[in-house]
Amino acid sequence: MTVWDRPEPPTRPAPLDRERIVAAAAALADEGGLEAVSLRKVAARLDVGPMRLYGYVSTKKELFDLMVDEVLGEILPEEPPGDWREALRVRAHRTRQAALRHEWLTDLLGGRPTLGPNALALNEATLAALDGLADIDTVLRAVETVGAYFNGAISREIANLRAERDTGLSKHDFQRASGPHLTKMLATGRFPTLSKAIYDGRDVDAEESFATGLEWVLDAVAAKLDANPA
């Protein structure tokens, strides 16, 4: 029986339910990452004994699944999208925004799918937006492809943010610090294409880079949907 199917224990003197447990766990993760989350620490945050939690969640894995599903609820669209591109675009941008609020989310995405109610509703909404545009296998590959793009781009952005905090160097501080070494290496003439990219390429922020790459992926998906009609 999964955590989604297991009923909660009856009410006891100190109010407790999965919603409060998940909220406390997410707050701990927001403050200190997933390493800051344990059933003992969650119990302490709620001012209850650790054994009380085991009636609601059996393992940390179950707790993480509940936390992910809670955040996926933040990603659900507030109203039906106008078309399939808008559906995938909204999901990508709302996932990025949620990950920036809850950086630990990137550590839990990309594995086996979660089966919570918000995860199922989000996937239903996404697939429904593409239903009838192409055969189901093409639709599934389209959703997977867009998901692979935005999950990867978001993970890279979060990794950069963590690096800035860990080193105390912003992106531009890092560029200034590494500039002399890079300039010396490029002056050897061994990296002409890289040199062109660095000196002539336009520097864009993470949000613009994310949005541009997403539109390119959506263009490619559109071509595949057109080539494989339902």
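Quick note: the coordinates plus some simple rules give every number you see, no bench work behind them. Please read all numbers here as calculations on a predicted model, not as lab measurements. FYI the Cβ positions are ideal-geometry reconstructions off the backbone, even for glycines, and counts take in every protein chain you see.
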Practice problem: Would you tally the net charge around ARG101, using a Cβ to Cβ cut-off of less than 11 Å, leaving ARG101 out, and scoring K and R as +1, D and E as -1? | Solution: -1
Quiz item: If you take the square roots of the eigenvalues of the alpha-carbon gyration tensor of the chain and sort them as a ≥ b ≥ c, do you get rounded (a/c under 1.5), prolate (a/b over b/c) or oblate?
Solution: oblate
Self-check item: Under 20 Å between alpha carbons - lysine pairs in the chain that sit 8 or more apart or on different chains
Solution: 5
Quiz prompt | Cα centroid separation - region 96-120 against region 129-172, whole Å | solution = 11 Å
Quiz item: Pairing the Cα long axis of helix 117-130 with the longest principal axis of the chain, what angle in degrees results, from 0 to 90 and rounded to the nearest 10?
Solution: 40 degrees
Practice problem: Return the FRET efficiency for the residue pair ALA227, ASP83: r is the Cβ-Cβ distance, R0 is 22 Å, and the value is rounded to the nearest 0.05. | Solution: 0.75
Self-check item: Positive-pole candidate from GLY152, HIS181, GLY82, dipole of region 76-227, charges at beta carbon
Solution: HIS181
Quiz prompt | Leading residue at positive end of dipole, the chain (Cβ point charges), from ASN118, ALA23, ILE198 | solution = ILE198
Practice problem: Please say if region 5-76 is rounded, prolate or oblate, where rounded means a/c under 1.5 for a ≥ b ≥ c the square roots of the C-alpha gyration tensor eigenvalues, and otherwise the choice is prolate for a/b larger than b/c and oblate otherwise? | Solution: oblate
Quiz prompt | Cα centre as origin, Lys/Arg/Asp/Glu Cβ charges: the chain dipole, Debye | solution = 980 debye
Quiz prompt | Listed residues VAL71, LEU39, VAL143: farthest to the positive end of the dipole of the chain (Cβ charges) | solution = LEU39
Quiz item: Distances over 25 Å make up what percent of all Cα-Cα pairs in region 1-120?
Solution: 28 percent
Practice problem: With a cut-off of 17 Å, note down the residues of region 98-117 whose backbone N falls inside the zone around a label point 7 Å from the Cα of LEU76 toward its beta carbon. | Solution: 98, 114-117
Quiz prompt | Tensor-based shape of region 153-230 (alpha-carbon gyration tensor, a/c under 1.5 rounded, otherwise prolate or oblate) | solution = oblate
Quiz prompt | Principal-axis tilt of helix 18-32 within the chain, Cα atoms, nearest 10 degrees | solution = 40 degrees
Exercise. Based on the mean of other Cβ atoms within 10 Å per residue, sort peptides 93-99, 162-168 so the most packed one is first.
Key: 93-99, 162-168
Quiz item: Placing +1 at every Lys and Arg Cβ and -1 at every Asp and Glu Cβ, with all other atoms neutral, what dipole size does region 11-120 have around its Cα centre, in debye to the nearest 20?
Solution: 320 debye
Self-check item: On Cα atoms only, tilt of 60-75 relative to the major axis of the chain in degrees
Solution: 60 degrees
Quiz item: Hey, quick one: spin label on SER178, modelled 7 Å out along Cα-Cβ, who in region 120-161 has an amide N within reach, i.e. under 16 Å?
Solution: 156-161
